[in-house]
Amino acid sequence: MTLLTPTDLTGEITWLGCVPVDPENIQSVTVQSVNVGWEGFEGEEHSGLTRPACVRVKKQYARNLEIRNTRQISILSEEEMTEIAARLEIPRIDPQWGGPNMVLRGIPDFTLIPPSSRLIFEGGVSLTVDTENAPCKYPAEQIEAAHPGHGKAFPGKARNKRGVTAWVERIGALTVGQTCVLHIPPQRIYAHA
């Protein structure tokens, strides 16, 4: 018996991007379509079956320890980006600034979708949500460069609005304009946390 339930919530890809393999630059490059393999977006900085542990998992692993890559893909919400821009009092946030791979429109409270949810796209690509992507200094630096005096507030203003990270469960191709259906696991509160 499956635990995942399809919802009536759908998202549409409004932007796709790939971060070039370049440790000095986290900005994404806009693309219209991308091949998705078991390692993530082909040719992308964050692709790979494994990755070195980083600040995201510092309470679990020593820095640079090789771990499974559950951060293959970073996904943002168009609606949440608009909300963050309003909080920062700037016209908009360019999706390239934070190094994401995808922007979706249509799924409410996108950053808060449960871990293990699936985004199943027309055409078959399936992405498994790992966890919320916490706001960090890199987009803040890009925002500050474009809008002096506004970027430093980004981590606080983007809390619970920074999207999610995901890994590939089914390969294929993605194109701007494609839609997906959100499938979610049962919602329970762990009483011992």
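Key figures
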item: Residues located in the stretch 90-132, provided they are charged (D, E, K, R), under 13 Å from residue 164 (Cα atoms) and modelled with pLDDT of 95 or more; result: 109, 118, 130
item: Any hit, the stretch 6-25, residues being farther than 23 Å from residue 182 by Cβ, β-branched (Val, Ile, Thr) and not in a strand (DSSP E or B); result: yes
item: Any hit, the stretch 140-161, residues being assigned to a helix (DSSP H, G or I), free of Cβ contacts under 8 Å to residues at least 12 places away in the same chain and acidic (Asp, Glu); result: yes
item: Search result, residues across the stretch 34-76 that are closer than 28 Å to residue 94 by Cα, of a type outside the set (Lys, Arg) and in a strand (DSSP E or B); result: 34, 35, 36, 37, 40, 41, 52, 73, 74, 75, 76
item: When residues of the stretch 21-52 are limited to those that are closer than 27 Å to residue 143 by Cβ and aliphatic (A, V, I, L, M), the one surrounded by the most Cβ atoms within 10 Å (Cβ to Cβ); result: 34
item: Inter-residue pairs, beta-carbon under 8 Å, first within 20 Å of residue 18 (Cα to Cα) and in contact (Cβ under 8 Å) with a residue 40 or more places away in the chain and in the stretch 175-193, second surrounded by 10 or more Cβ atoms within 10 Å (Cβ to Cβ) and polar (S, T, N, Q), 6+ apart; result: 175/32; 175/33; 176/14; 176/32; 176/33; 179/10; 180/10
item: For residue 88: the one exception among (1) surrounded by fewer than 19 Cβ atoms within 10 Å (Cβ to Cβ); (2) out of contact with any strand residue (DSSP E or B) (no Cβ under 9 Å at 6 or more places or on another chain); (3) farther than 17 Å from residue 27 by Cα; result: (1)
item: Extreme residue, surrounded by the fewest Cβ atoms within 10 Å (Cβ to Cβ), among residues of the stretch 2-20 that are of a type in the set (A, V, I, L, M, F, W, C) and in contact with a Leu (Cβ under 9 Å, 6 or more places away or on another chain); result: 9
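The values are calculated or read from the model by the stated rules, or taken from the named source; none is laboratory data. Please read these numbers as outputs of a predicted model, since none were measured by experiment. Note: ideal-geometry Cβ built from the backbone for every residue, glycine included; neighbour counts use all protein chains shown.
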